[in-house]
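K.L.:
Please find one structure pasted underneath; my questions will follow.
The values are calculated or read from the model by the stated rules, or taken from the named source; none is laboratory data. All of these numbers come straight from a predicted model, not from anything done at the bench. Here the Cβ positions follow ideal geometry from the backbone for every residue, glycine too, while neighbour counts run over all protein chains shown. Keep in mind that these areas ignore ligands, DNA and RNA; they rest on the heavy atoms of the full protein, side chains included. Shrake-Rupley method; radii C 1.70, N 1.55, O 1.52, S 1.80 Å.
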Amino acid sequence: MTRFLRIYLLAIALPALLLAVFGAFLLRADARARAAELAENRRWRAERTADDLQASARRLLDARLDRLAALPDAPARLAALRELAAADPYVRNAFLWREKEGCVWPRRTGATEEERRFLNRCEPLFSGAVPWTPPSTNAAPSDASAPSRGYRPWAAGDRHELLAWVRTAPGEICGFEFETMRFLADLAADWLESPYSQRLGLRNTWRRTARQSAPRLLGSLHDPSGTPLVPPVADPADPTPFDPSAEASLLPLFPDWHYRLSPARDASAASGWLPGDLLSGALSAPALRLAFGGVLFGLLLLSLVAGGAVLLRAARRERLDALRKTDFVSNVSHELRTPLTSIRAYAELLAADRLPDPARRRRALDTISAESARLSRLVDTLLDFSRLDRGTRPLSPRPLDLAPLAAEIADSAPSRPAYAPPPAPVMALADPDAVRQIVLNLLDNAAKYAPGAPPTLELAPLPSGGATLSVLDRGPGIPPRDARRIFDRFVRLDNSTTRTTTGYGLGLTIARRLALSMNATLTYSPRSPSGSAFTLTLPPVPPSPCAPPPSRESTHNPNP
Ligand code: ADP
């Protein structure tokens, strides 16, 4: 057994556990790599989106700067500039600035409230204190070598603006303050509808449409204060902010703006999930993944333990079976040798004419006869068992009145059982020889193991058809834990009665197999206060119009 356990542990349990642990590590590493890859992918998407938003802005700004560059010369220029600014929704304030004169338009005198605030905001630029070009350019816009146009992100107080300008003449700059907020909002909305965004899988990451829902990534454009310009599609009931997993700044045009992509927090709540996404979606939560892994690991352990237990049981059974067989062989050898020795001894005495007394000769002959009968019973039992084991003893159950058969068995049994014949025929489907063999065996057992009082044989019809034939005794009974296994082959209980009686542990095995071959059952139940009840339950006669009449034969025990 210990050898078997060692083999099981080394060959099955340990490798399986190692594989499971190794698999768990691999899965964890894979999950980490996947998470890193996903984060990288999101960052890349966010950067592409930020670039795209800026490229669109640049196209729009360039078109406006082209128009400014094409303005007519003074004096019509100012009027044309005003007209252009008024007609363009993305121009908040336009301006004309000259190096020598400062801001030519709008002028402080007669300026509207908005214009005054604009002039205040951009005072450092208009006064020349701050260059129009970014510091790295190192060139004044009035220089001939300086760039002829440019963009100037401009922050004043809590306002972050973008100024676009074009050099319309040496020392003269014409430009406008951009409606950043409005532009980005419009652009974002349009842009997300574009085929490009759809290809990137970003459509609906911003807004939900009726047809396509369940965004797995949420995109949001955040203004310099961090407020999302277009709020991400979030459950309004869930005010928790999304953890930004990828963020890209809209440098250089809108340096303080950010585009963020976040995984949808409540993705499972959204409708329209693809079935394949369900598991991966559900398992995206670490706690759930852990629980799932735990359950799988538990199942593995359970199957290992269960498999081990089954194998162990099978091994123990085999061992017991082998022990029983050895016991059986030694029992049978003993059983064969004892009668053979007596037969041989008496035969030799008779042959040598050493028993002159006729009474002693008679006893010797009786012993030889009894011992040969015992031998032939043993051989019959062994043959029976082997035929039943190989399935070569077919039975032919037929409709039978059991009352005369039971009476005949009761008469012929050496244990002389008590039997009360029933008042009416008791019909069942049975093979008379098999019934006789079973009941005689049970009566024989009762005589062997409950020798105190003669057993009782009871025949009773069943209300649903069929009948029961029971052998009852008042012996010690069978301990409950052994009640099932007494029907197994070669099983003899280890107690004082079995030690003083002969047997091979085959009688009940044969009896039960015979019963099964007739579609009958043979069961044991304990009796109160003590004793055993073995019950043979025979099936009813099937209803048939041409059923043969009940057999009233009173067969004499032709040994099967
Ligand atoms: P055998 O009688 O040859 O030992 P059986 O298969 O007939 O084999 O019986 C198996 C075991 O069941 C017996 O060894 C005995 O321990 C137990 N047994 C059978 N019948 C009785 C009984 N009526 N009372 C107590 N024990 C019994």
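K.L.:
Mind listing whichever residues of region 353-387 are of a type in the set (A, V, I, L, M, F, W, C) and part of a helix (DSSP H, G or I)?
P.N.:
Within region 353-387, ALA359, ALA364, LEU365, ILE368, ALA370, ALA373, LEU375, LEU378, VAL379, LEU382, LEU383, PHE385 meet the criteria.
K.L.:
Got a sec? Which of GLY503, GLY475 is near the ligand (Cβ under 7 Å from one of its atoms), assigned to a loop (DSSP other than H, G, I, E, B) and crowded, with 19+ Cβ neighbours inside 10 Å?
P.N.:
Result of the check over GLY503, GLY475: GLY475.
K.L.:
Could you check region 83-104 and list, in sequence order, the residues that are more than 25 Å from ARG58 (Cβ to Cβ), without any contact (Cβ under 8 Å) to a residue 60 or more places away in the chain and of a type outside the set (A, V, I, L, M, F, W, C)?
P.N.:
Residues satisfying the conditions are GLU101, GLY102.
K.L.:
Shifting gears a bit: Hey, does region 303-314 have a residue that's more than 30 Å from THR509 (Cα to Cα) and open to solvent by 50 Å² or more (accessible area, probe 1.4 Å)?
P.N.:
Yes - at least one qualifying residue is present in region 303-314.
K.L.:
Restricting attention to region 478-500, and to residues there that are more than 7 Å from the ligand (Cβ to nearest atom) and either assigned by TED's automatic domain parsing to the domain that holds SER333 or not in a loop (DSSP other than H, G, I, E, B) (or both), which single residue is surrounded by the most Cβ atoms within 10 Å (Cβ to Cβ)?
P.N.:
So, considering only residues that are more than 7 Å from the ligand (Cβ to nearest atom) and either assigned by TED's automatic domain parsing to the domain that holds SER333 or not in a loop (DSSP other than H, G, I, E, B) (or both), the one surrounded by the most Cβ atoms within 10 Å (Cβ to Cβ) is PHE487.
K.L.:
Would you be able to say whether some residue in region 421-434 is within 15 Å of the ligand (Cβ to nearest atom) and on the phi < 0 side of the Ramachandran plot?
P.N.:
Looking through region 421-434, none of the residues is within 15 Å of the ligand (Cβ to nearest atom) and on the phi < 0 side of the Ramachandran plot.
K.L.:
Can you work out which of the residues in region 454-472 that are assigned to a loop (DSSP other than H, G, I, E, B) and away from the ligand (no atom under 12 Å from the Cβ) is most open to solvent (accessible area, probe 1.4 Å)?
P.N.:
In this case the residue turns out to be PRO463.
K.L.:
Okay, next question. Cβ-Cβ under 6 Å, sequence separation 6+ or interchain: first residue in region 503-524 and more than 16 Å from LEU440 (Cβ to Cβ), partner within 7 Å of the ligand (Cβ to nearest atom) and charged (D, E, K, R). Which pairs?
P.N.:
Listed by first residue and then by second, the contacts come to GLY505/ARG492.
K.L.:
Return yes when GLU335 is surrounded by 12 or more Cβ atoms within 10 Å (Cβ to Cβ), modelled with pLDDT of 55 or more and over 20 Å from ARG45 (Cβ atoms) and no when it is not.
P.N.:
Spelling it out, GLU335 is indeed surrounded by 12 or more Cβ atoms within 10 Å (Cβ to Cβ), modelled with pLDDT of 55 or more and over 20 Å from ARG45 (Cβ atoms).
K.L.:
Hey, among the residues in region 65-100 that are over 60 Å from the mean Cα position of the chain (by Cα) and under 30 Å from LEU261 (Cβ atoms), which one's surrounded by the most Cβ atoms within 10 Å (Cβ to Cβ)?
P.N.:
ARG92
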